[in-house]
Amino acid sequence: MPEPRPPSVDTLARSLAGTGLPHAVLVEVAREAIAAGDHGSAPSRAEAAGRALLQPVVNATGVLLHTNLGRAPVAVVSPGTRYSNLEIDLGDGRRGSRQDRTGPLLARACGAERALVVNNCAAAVVLVLAALARDREVVVSRGELVEIGGGFRIPEVLAQSGARLVEVGTTNRTRLGDYAGAVQAPAADVGLVLKVHASNYRITGFTEDVGVAALAGLGPPVVADIGSGLLDAATPWLSGGPPPWLGDEPAARQTLAAGADLVTFSGDKLLGGPQAGVIAGRADLVTACASHPLARALRPGALVLAALQDVALAYLRRDGTAIGFWRMATLSVASLEARARSLGAGRTVPCASVPGGGTLPGVEIPSAGVALDGDHTAALRARTPPVVARVVEDVTVCDLRTVDPADDDELARALAELSTAPA
Ligand SMILES: *Cc1c(COP(=O)(O)O)cnc(C)c1O
């Protein structure tokens, strides 16, 4: 019997219309299936193409700021398409600035004169260096020449922005005299002193470093790149005060009060909001950043500003329960145990959540979850909505701290599917 002729690309693509994907995408899928000599694989290829799109997932890893899951929990799908007053002044109808809303709210929340929002904290550091220290020296301790991840290395970023790095001190010990020597050197041309938070590693033992207050007396502006930490060390948005696992993370408000001229921090890591970066502090310095040509290239869009505005308002209302990260981070172990038991599958087990996102290395937050023998992570990821869980010594653990309680029923269904599936 002759081989049946394979369907045409167009016919095959049309047969996949039920997936809801645009025809152009389905044509690509059909072409690939036919090129692979396996047109029968087209439906599963189309399904894979659909699953590869950005979509909500259930985070059962217990990693609060999971970089692969978008760090902080924020709205993934916008509720509708609407215009916004992004750059109009509704008072006089003239053009306004997108920086006139969220920036002032964040400035108020951390006690800064002015704040500017950019794409992420990496962009904030690049902009500060380019605007304030181009062709000039930037003094940094050798203990703070950090790599954040994704290739963001302070010495390289400094070089890219046209500033000249002046390293002082040693890896484990840097004293005020080391900074003063660089600032007062005969031909010195110091644009700023940069202090970088060692957010993703710890140097312990025979160590010494210099605080912002001491650096502020040296003369040049002091910029503290905080990255992750707190908006305010007193955590007024948490009714119970700072949780014990926080340790002594730097805080934007206290760093500015101690004499930093500018702070830079992350919208997701520090605020628990969308990916964004904030430059806050002295009005003249923030204005110099805002009017630098790079500011336009690094500015955020309306979706990010709207999400960040919600977070800023929650901080100002002192309502940590309205910020997903803080709501989840402060849930009691007892409440998590109760939810784990009510899922009706697996064993309820104690486990440990972590802040994640390259912050607070070594810190664990006591938690509770559900454990099932064997590695079920691939099956959990393959369903809709996908569930991302952890495997510890061939046991699958779903940590409830990072699961939105609204997803508990969905998680219960996912676990029930596993226990009935043939092994
Ligand atoms: C994370 C971090 C950055 C980069 O922040 P992104 O928002 O991820 O770009 C910069 N500096 C420090 C100290 C950080 O911890």
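For the range 95-104, state whether one or more residues are part of a loop (DSSP other than H, G, I, E, B), closer than 25 Å to residue 201 by Cβ and out of contact with any helix residue (DSSP H, G or I) (no Cβ under 6 Å at 6 or more places or on another chain).
no
Sort out which residues of the range 305-316 are in contact (Cβ under 8 Å) with a residue 40 or more places away in the chain and surrounded by fewer than 24 Cβ atoms within 10 Å (Cβ to Cβ), and write them in order of number.
Scanning the range 305-316 gives 305, 306, 307, 309, 313, 314, 316.
Looking only at strands (runs of 3 or more DSSP E) that fall completely inside the range 133-249, which ones have 2 or more residues that are away from the ligand (no atom under 16 Å from the Cβ) and at pLDDT 95 or above?
Where strands (runs of 3 or more DSSP E) fall fully within the range 133-249 and carry at least 2 residues being away from the ligand (no atom under 16 Å from the Cβ) and at pLDDT 95 or above, they are 137-141, 164-168, 190-196.
Looking at the range 394-407, I want the residues that are closer than 14 Å to residue 330 by Cα and have a partner that is open to solvent by 10 Å² or more (accessible area, probe 1.4 Å) and in a helix (DSSP H, G or I) with Cβ atoms under 6 Å, at least 6 apart or on another chain. Which pairs are those?
400/339; 401/328; 402/328
Return the residues of the range 117-132 that are of a type in the set (A, V, I, L, M) and near the ligand (Cβ under 9 Å from one of its atoms); say none if nothing qualifies.
Result: 122, 123, 124, 125.
Restricting to the range 77-95, name every residue that is open to solvent by less than 60 Å² (accessible area, probe 1.4 Å) and in contact with a Leu (Cβ under 8 Å, 6 or more places away or on another chain).
86
Restricting attention to the range 254-271, and to residues there that are over 20 Å from the mean Cα position of the chain (by Cα) and not in a loop (DSSP other than H, G, I, E, B), which single residue is farthest from the ligand (Cβ to nearest atom)?
Selected residue: 257.
Do you know which residues across the range 8-40 are more than 34 Å from the chain's Cα centre (by Cα) and among the charged types (D, E, K, R)?
Listed by number, the residues that qualify are 10, 14, 31, 32, 38.
Counting only residues that are more than 12 Å from residue 61 (Cα to Cα) and open to solvent by 20 Å² or more (accessible area, probe 1.4 Å), give me the strands (runs of 3 or more DSSP E) lying completely in the range 339-415 with at least 2 of them.
So the answer is 347-356, 365-373.
Quick one: how many residues across the range 262-304 are surrounded by 22 or more Cβ atoms within 10 Å (Cβ to Cβ) and of a type in the set (D, E, K, R)?
The number of residues fulfilling the criteria is 2.
The values are calculated or read from the model by the stated rules, or taken from the named source; none is laboratory data. It should be emphasised that the depicted structure is a prediction, and the values quoted were computed from it without experimental measurement. Every residue, glycine as well, gets a Cβ built from its backbone with ideal geometry; the counts of neighbours run over all protein chains shown. Quick note on the areas: whole protein, heavy atoms, side chains included, nothing else; ligands and nucleic acids left out. Shrake-Rupley method; radii C 1.70, N 1.55, O 1.52, S 1.80 Å.
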